[in-house]
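Working notes, beginning with the structure itself.
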Amino acid sequence: MSYQDTRQLFERTGRVLLIYTGGTIGMGRNPLTGALEPLDFKQLAGQMPELEAIPTGIDVYQFTPPIDSSDMTPRLWAHLVRIIATRYHLYDGFVILHGTDTMAFTASALSFMLENLTKPVILTGSQLPIGQLRTDGKENLITSIEIASASRPDGFPMVPEVCIYFSGKLLRGNRSTKTNADGFNAFESFNYPHLADAGIEITYHEEHILKPDYRLPMIPHYATDPNVVVFTLFPGLQDSLVRHFLDSRELRSVVMRTYGSGNAPQRPWLLKMLKEAAYRGITVVNISQCALGTVEMARYDTGFQLKSAGVISGRDCTVESAVTKLMHLQGHYTDSQIIRQMMNRNMRGEITIPSEE
């Protein structure tokens, strides 16, 4: 297929779909209790004259009822994928309004579930409801819509990947982590540069943005297997507790948060349990408790011992990305060896693999 044929298949529609799942951005204060509760976002959007100034057409899809992001589930991720997949040809991009607490999990999951994504999917929200005077929601929403509809001079989307936009920063979704519960600057991607920075102008860093093959279709995936556990090392860890969850019959994988560059205490019982788990087909992925940096299991003997026990490196993966990548792979493969191999591949820009490898 020629470049011209690809362009003809990729006709711009001039419209963006706004998907409201819930979260602080669409909440209002109950006059009786004083507590924040979800409101009808279509009504709130109608009170925003700023949206009328945007040249892009905007349609709204609202979860009924809206959910707190703490209640996000793999089933709802599949629902989001279905919404996007069935309307994919109707819109230039998609903006998902989402609570901040699990936004990085959802962004990571969608990046794996939307294979060969060729359009922007931007997740955003706010720390204050959009109806409050000092809200950060309006700027986050308006800029997200602008990014979702932005195109290059050749007509192709500026950012064809799953992202989080928050407080002037556009981040790769599967590299993002919530870092601040109170400030407007709620998210960061410590191990990957920003995809764009928004000030007076939006500055795109195109060298860091994924480049899909526009000749191939977007392939939606719906299956996930959530039999994953996150296990954080700490001084004084007891073998009886570790054995308790490793012996679970349903367990398929473990995200183990180790010290520094991937180190763990050299306790014979721990190495023995991890080796037995790997032998039973449980995938154990080693990621660092540090926000910045990568796992290098050959740097120190403690990390090398983990590698010898069958633990695989998660490199510079976030917790959110490691968990959702495992869920996605487990939903599609029963062979743990295939899952281990795929965890070592950079599928959606989620990990950094040195060029010498």
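The values are calculated or read from the model by the stated rules, or taken from the named source; none is laboratory data. None of the values given here were measured: they were computed from a predicted structure. Cβ: placed from backbone, ideal geometry, glycine included. Neighbour counts: every protein chain shown. The area values use the complete protein model at the heavy-atom level, side chains included, leaving out ligands, DNA and RNA. Shrake-Rupley method; radii C 1.70, N 1.55, O 1.52, S 1.80 Å.
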Matching option when the condition is modelled with pLDDT under 95 and surrounded by 19 or more Cβ atoms within 10 Å (Cβ to Cβ), among Met297, Met327: Met297
Test: residue in segment 327-335 that is of a type outside the set (Val, Ile, Thr), assigned to a loop (DSSP other than H, G, I, E, B) and over 30 Å from Lys119 (Cβ atoms): yes
Candidate set from segment 42-59 (those that are loosely packed, with under 13 Cβ neighbours inside 10 Å and of a type in the set (S, T, N, Q)); member that is modelled with the lowest pLDDT: Gln47
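So, in segment 91-128, how many residues would count as being in a helix (DSSP H, G or I) and either under 26 Å from Asn185 (Cα atoms) or among the β-branched types (Val, Ile, Thr) (or both)?
Of the residues in segment 91-128, 10 are in a helix (DSSP H, G or I) and either under 26 Å from Asn185 (Cα atoms) or among the β-branched types (Val, Ile, Thr) (or both).
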Hey, Ile164 in a strand (DSSP E or B), over 20 Å from Arg75 (Cα atoms) and within 20 Å of the chain's Cα centre (by Cα) or not: yes
Residue match in segment 231-242 (condition: charged (D, E, K, R) and either more than 30 Å from Thr179 (Cα to Cα) or surrounded by fewer than 14 Cβ atoms within 10 Å (Cβ to Cβ) (or both)): yes
Failed item, numbered, when Arg215 is tested on (1) open to solvent by less than 60 Å² (accessible area, probe 1.4 Å); (2) within 25 Å of Asn174 (Cβ to Cβ); (3) modelled with pLDDT under 95; (4) not polar (S, T, N, Q): (1)
Filter result (open to solvent by less than 80 Å² (accessible area, probe 1.4 Å) and either in a helix (DSSP H, G or I) or touching a Pro at 6+ places or on another chain (Cβ under 6 Å) (or both)) within segment 243-258: Phe245, Leu246
Pairs with Cβ under 8 Å, 6+ apart, first in segment 73-90 and closer than 17 Å to Ala148 by Cα and assigned to a helix (DSSP H, G or I), second of a type outside the set (Phe, Trp, Tyr) and open to solvent by 60 Å² or more (accessible area, probe 1.4 Å): Leu90/Arg15
